[in-house]
Amino acid sequence: MSVKPIREHTGKALLHRWLGEYSGGKHSYANPGVLVTPDVLDKTKGQTWDAILEANPWLKEQKVVAKPDQLIKRRGKAGLIAVNKTFSEAKDWVMERMCKEQKVESVTGQLTHFLIEPMVPHKQEEEFYICMHSLRYYDEILFYHEGGVDVGDVDAKAERVQISTGVEPTEALVTEKLLGKVPAGKQANLASFVLSLYKFYKDLHFAYLEINPLVMLEDNTVVPLDMAAKLDETAGFLCAQRWGEVDWPPPFGRAAYPEEALIRDMDGKTGASLKLTILNDKGRVWTMVAGGGASVVYADTVADYGWGHELANYGEYSGAPSTEETFVYAKTLLSLMMKYKHPDGKFLIIGGGIANFTDVAATFTGLIKALEHYASEIKEHKIQIWIRRAGPNYVEGLRKVKAASDKLGLGLKVYGPETHITAVIPMALGLMEHLPEPDLSQACGPPVRKMISGAGSKPSTQKPAPAPSKHTIVTATPETTSIVYG
C-alpha cells in the first residue's frame, strides 16, 4: 500500500468530523483549529487574517497554541510551539516565521503552514500516549500512562496489544492489556475512547496514528493535543468522500514541485501508474523507469555505484501508459533537467525489465516526441541518454528511438534484453566499458554472462535431469478433460 503522511490539521479535522459517529455520540472532538497558509501574506488571496477571524470567532475568546504543521518532529524541543497566547500574539508569532527558513536538527526548510488551535489547560498527570500502526497481518496499539515531550522511548516501555485482521477488540481487552497503570476512575471512559479511535483508524484506512499527549481532563473529556498520522492513499476510492480534500505535504525541508503535482494529477486520471518524486533538482543522474520494482532497482544501483548524492528523482511510468501520457511524463523530466546546467553534463537513464503488456513501441513514440521537443536543449545541457528496455514490440520501439536519435544527433545508446537490466548505469557513469549496441534487425537474444567459477565448491547432490522423452500432441475437443498438477 502507499502510505502517506498528512498534516496534523487534516487528522484532527477528520477526528472532529467522525469521532462522534464511531463512538455512538459518547465522545467528540470539538475544535480541530485553523490552518494558516502563506496566503495571509497577500491581501488579494482568499485567506486573510480578517477572514480567519470571521470564520473562527473563538480565536478572540480564548488563549491559543500555534505551531508549524509540516511533518516536523519534536517541535517543542525545537522551540516551534507558542503556548497560551492571545490571537494577536499568535498572529505575530506566525508572521515572524511565515516563509522563513528554519533549521530543525539537521534539516533546513521553509515554514509555510501553521496550526492555531485552542489552548487546553491541564495537569501533567492527565497526559497519556497512544499510537496505532498497521503491520502485515495485524494492527498494534501502543499505550503509555505518561505523555508529553519527555515521554522517552515508548517503543521499549509502552503497553501493547495486537489485533489480528478481522478481529474486533473489546473494552475488557483494552483495559486489561493497555490501561493497567491508569487510575481506576478513568479506565472505563478511556477504554471506550480507545475503541472508538480504533474504529475511526480502521474504517478511514489510517496506517499510522500517534497522539502525544492524549489528555483526559477531570470531567473525563478526552482531548488529542498533538497528532501525527498517515493514510493508505490507495484507499482513496473507498474513502474519498469521508476524507474530503486531503493535502499530501512533502517532508519538511523538501519543496513541493508543480511538476510532481502534474504527474500526480495525471496518475489519478489514468489506469497506468505514473509517479514522480524530485530528490535533488540539481542532481546529474535522472531516471525514467518502467515498473515500480525496476525503479527501486535502478535507484539502488545508482547509489551502490557511489552516485546517490547525484540521484535527482525517483518514480515510474508503467501499466501501459498511452503515447500522450509518456510524452508528458518524458517532457516533464526533461524540463526539470534543463533548470540547472552542469559543466560536466547530465545522464537520463531510461530503463525497465521485460514488460508484460505495455506496448514499448507506443510508449517510445511518446518519448520520441519529447526528444524532438527538447533536442537543442539536450545538446546544450550535454545530456547523455541511455536506454535498456524489453517487452511487447520492443524491437520496433528501440529501432524508432535509435532512428530519431540519429536524425536529431542526440547520440542515444540503446539496448534490449540481451543486456542486463542495470548494466546501462555503470556504462553511462563511465564505470565500465561500453557494450556494443545490439543489431536491431531482429529480436535480441537473452543476456550472455560468464558462468561463475565453482572451483573448490562441493559436488552437487541433486539428481540428474531425466532423459528427454517424446510427447504425444492431442488436439483438445469440448469433451477433453485436462488434469493439471505440480
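The values are calculated or read from the model by the stated rules, or taken from the named source; none is laboratory data. These numbers come from a predicted model, not from an experiment. Counting neighbours? That spans all protein chains shown, and the Cβs are built from the backbone with ideal geometry, glycine included. With ligands, DNA and RNA removed, areas are computed over all heavy atoms of the protein, side chains included. Shrake-Rupley method; radii C 1.70, N 1.55, O 1.52, S 1.80 Å.
Quick look at the values:
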{"item": "Shape call, region 273-365: gyration tensor on alpha carbons, a/c limit 1.5", "result": "oblate"}
{"item": "MRE, 222 nm, helices only [DSSP H, n ≥ 4, -39500 (n - 2.57), over the chain, to nearest 500]", "result": "-9500 deg cm²/dmol"}
{"item": "Unit charges on C-beta of K, R, D, E only; dipole of the chain, Debye", "result": "1280 debye"}
{"item": "Approximate spin-label separation ALA403-GLU96, in nm, with each point projected 7 Å along Cα-to-Cβ", "result": "6.7 nm"}
{"item": "FRET efficiency, 1/(1 + (r/R0)^6) with R0 41 Å, evaluated for LYS382 and TRP58 via beta carbons", "result": "0.10"}
{"item": "Sites TYR305 and THR461 - FRET efficiency at Förster radius 56 Å, r taken between beta-carbons, to 0.05", "result": "0.90"}
{"item": "Label zone at MET338 (point 7 Å along Cα-to-Cβ), backbone N below 13 Å, region 361-393", "result": "370-383"}
{"item": "Rounded, prolate or oblate (a/c below 1.5 giving rounded, otherwise prolate when a/b exceeds b/c) for region 151-223 by Cα gyration tensor", "result": "rounded"}
{"item": "Computed lengthening from TYR485 to THR221, 0.36 nm per intervening residue step minus Cα-Cα distance", "result": "88.9 nm"}
{"item": "Förster-model FRET efficiency, 45 Å R0, ALA476 and LEU173, C-beta, rounded to 0.05", "result": "0.20"}
{"item": "Within region 132-157: backbone nitrogen closer than 17 Å to the SER164 label point (7 Å, Cα to C-beta)", "result": "135-141"}
{"item": "Added length on full extension, which subtracts the Cα-Cα distance from 0.36 nm per residue, ALA255 to VAL296", "result": "12.5 nm"}
{"item": "Among PHE252, MET227, ILE278 - extreme Cα towards positive end, dipole of region 195-336, charges at beta-carbon", "result": "ILE278"}
{"item": "Listed peptides 271-281, 372-382 by packing density, highest first (mean Cβ within 10 Å)", "result": "271-281, 372-382"}
{"item": "Theoretical gain in end-to-end length, ASP42 to SER273 [0.36 nm per residue, Cα-Cα removed]", "result": "79.5 nm"}
{"item": "Region 357-420: mean projected area of Cα convex hull, nm²", "result": "4.2 nm²"}
{"item": "Relative compactness, the chain, computed as alpha-carbon Rg over 2.2 N^0.38 Å", "result": "1.24"}
{"item": "Average accessible area per residue (Å²) across the chain - probe 1.4 Å, nucleic acids and ligands excluded", "result": "52 Å²"}
{"item": "Alpha-carbon gyration tensor eigenvalues x 5, square-rooted, for region 228-312, Å", "result": "27, 16, 12"}
{"item": "Under 20 Å from LYS77, Cα to Cα: lysines that are on another chain or at least 8 residues apart", "result": "LYS67, LYS85, LYS100, LYS103, LYS123"}
